[in-house]
Amino acid sequence: MKRALLSVVLLLTLDHAGFAQQTINTTPAFYVVLNALTKTCTVVDKAPHTDTPNITVASDTIYKSREEAEVAAKTLTPCLK
């Protein structure tokens, strides 16, 4: 009896471990990035890696559409230089 009860508890514990997984965000995200060498801004759909030496995020804002990000790129201070 103890073995059966222990087996059920173990199975329930392992079954609920899947609930702790992070949900995947499927909403589109666009970023405005600045190339420090050419001083130009571009819109990308993936966040730039932090280990890229000349590419930085021009704004901390995450845009929902490419058009919205392109309009913001024209007005951001780092992109105007």
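Coordinate-derived values only; no laboratory data. Values in this document were obtained by computation on a predicted structure and should not be read as measured data. Ideal geometry is used to build each Cβ from the backbone, glycine not excepted, and the neighbour counts take in all protein chains shown.
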Work out the FRET efficiency for VAL44 and LEU80 from their Cβ-Cβ distance, taking R0 = 25 Å, and round it to the nearest 0.05.
0.85
Label-point separation in nm, ASN54 to ALA4, each point 7 Å along Cα→Cβ:
7.1 nm
Which three numbers, in whole Å and largest first, are the semi-axes of the equivalent ellipsoid of segment 25-80 derived from its Cα gyration tensor as √(5λ)?
18, 14, 7
Ranked highest first by the average count of other Cβ atoms within 10 Å around their residues, in what order do 33-43, 47-57 fall?
33-43, 47-57
Note down the nm distance, to one decimal, between modelled labels 7 Å out along Cα→Cβ at ALA29 and at GLU68.
1.4 nm
Treat each spin label as a single point 7 Å out from the Cα along the C-beta direction, and report the LEU37 to THR61 distance in nm.
2.9 nm
